[in-house]
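The values are calculated or read from the model by the stated rules, or taken from the named source; none is laboratory data. This structure is a prediction, so every number in the text was calculated from the model and none was measured. Glycine gets a Cβ as well: all are built from the backbone with ideal geometry, and neighbour counts include every protein chain shown.
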């Protein structure tokens, strides 16, 4: 499983990444977590509002910080 956090490094983006790492840890799943910070990379997903969350190349969240529980449900 590949999880990507799209964002330019703002506080909300950092919180999203932290929530993703916590959800993966709590579920005990094997996942690669990547951070996409360049604007071209973010826009390649059609995302105009960050933070955004991409799981296995599908955009799941954009423009808000998902909670740990929300992320666990998506995984």
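Which one of 54, 24, 61 is touching a strand residue (DSSP E or B) at 6+ places or on another chain (Cβ under 8 Å) and assigned to a helix (DSSP H, G or I)?
Details: 54 fails: assigned to a helix (DSSP H, G or I); 61 fails: assigned to a helix (DSSP H, G or I).
One residue alone meets the criteria, 24.
Tell me which residues, restricted to segment 27-44, are in a loop (DSSP other than H, G, I, E, B) and in contact (Cβ under 8 Å) with a residue 40 or more places away in the chain.
29, 31
Which pairs have Cβ atoms under 9 Å, sit 6 or more apart or on different chains, and link a residue in segment 51-75 that is at positive phi to one that is surrounded by 17 or more Cβ atoms within 10 Å (Cβ to Cβ)?
56/3; 57/4; 63/47; 63/50; 63/51; 63/52
Could you check how many residues of segment 20-66 are more than 19 Å from residue 9 (Cβ to Cβ), exposed (fewer than 13 other Cβ atoms within 10 Å of the Cβ) and under 12 Å from the mean Cα position of the chain (by Cα)?
Residues meeting the conditions: 4.
Mind telling me which of the residues 4, 11, 35 ends up being touching a helix residue (DSSP H, G or I) at 6+ places or on another chain (Cβ under 7 Å) and either over 18 Å from residue 74 (Cα atoms) or modelled with pLDDT of 95 or more (or both)?
35
Search segment 1-19 for residues being touching a strand residue (DSSP E or B) at 6+ places or on another chain (Cβ under 6 Å) and surrounded by 13 or more Cβ atoms within 10 Å (Cβ to Cβ), and hand back the single one that is nearest to residue 39 (Cα to Cα).
So the residue we want is 6.
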